[in-house]
1. For the condition of a type in the set (Ser, Thr, Tyr) and touching a Phe, Trp or Tyr at 6+ places or on another chain (Cβ under 6 Å), what is the one hit in Tyr17, Tyr6?
2. For residues that are among the hydroxyl-bearing types (Ser, Thr, Tyr) and under 21 Å from the mean Cα position of the chain (by Cα), scanning just the range 17-53, find the one that is surrounded by the most Cβ atoms within 10 Å (Cβ to Cβ).
3. Would you check which residues across the range 1-16 are touching a helix residue (DSSP H, G or I) at 6+ places or on another chain (Cβ under 6 Å), open to solvent by less than 100 Å² (accessible area, probe 1.4 Å) and under 19 Å from Val70 (Cα atoms) and list them?
4. Being among the charged types (D, E, K, R), touching a strand residue (DSSP E or B) at 6+ places or on another chain (Cβ under 9 Å), farther than 15 Å from Tyr6 by Cβ and modelled with pLDDT of 90 or more, is that true of even one residue in the range 52-65?
Amino acid sequence: INDFSYLHTNCFELSIYVGCDKYPHESELPEEWENNRESLIVFMEQVHRGIKGIVKDVHGKGIPNAVISVEGVNHDIRTG
């Protein structure tokens, strides 16, 4: 579903597996959290990277459904 969401809704979803056991026992979760906490926090901080903003017309009004293309990236997005 991650690929579908990215290609058809402009929503970028990720599934992150931090171990070989997809469903660890409840008693193992605190240790798994400690083993991966710092890297997950650093990863989440990356949301602030990149280009972001509002597409506006000459009157400062938002433009719905505007197509945004980036050279070298084969995936256009549309404004909301």
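1. Tyr6
2. To start, the set of residues in the range 17-53 that are among the hydroxyl-bearing types (Ser, Thr, Tyr) comprises 17, 23, 27, 39.
Among the residues that remain, those that are also under 21 Å from the mean Cα position of the chain (by Cα) are: 17, 39.
Numbers: Tyr17: 7, Ser39: 11.
Checked the range 17-53; the qualifying residue surrounded by the most Cβ atoms within 10 Å (Cβ to Cβ) is Ser39.
3. Cys11
4. Applying the first criterion (among the charged types (D, E, K, R)) to the range 52-65 yields 52, 56-57, 61.
With touching a strand residue (DSSP E or B) at 6+ places or on another chain (Cβ under 9 Å) added as a condition, the list becomes 56.
When the remaining residues are screened for being farther than 15 Å from Tyr6 by Cβ, the result is 56.
Filter again for modelled with pLDDT of 90 or more, leaving 56.
Yes, the conditions are met somewhere in the range 52-65.
The values are calculated or read from the model by the stated rules, or taken from the named source; none is laboratory data. From a predicted model like this one, the values you see are computed outputs, not experimental measurements. Neighbour counts run over all protein chains shown; Cβ positions are idealised from the backbone, glycine included. Accessible surface is based on the protein model in full, side chains and every heavy atom, while ligands, DNA and RNA are left aside. Shrake-Rupley method; radii C 1.70, N 1.55, O 1.52, S 1.80 Å.
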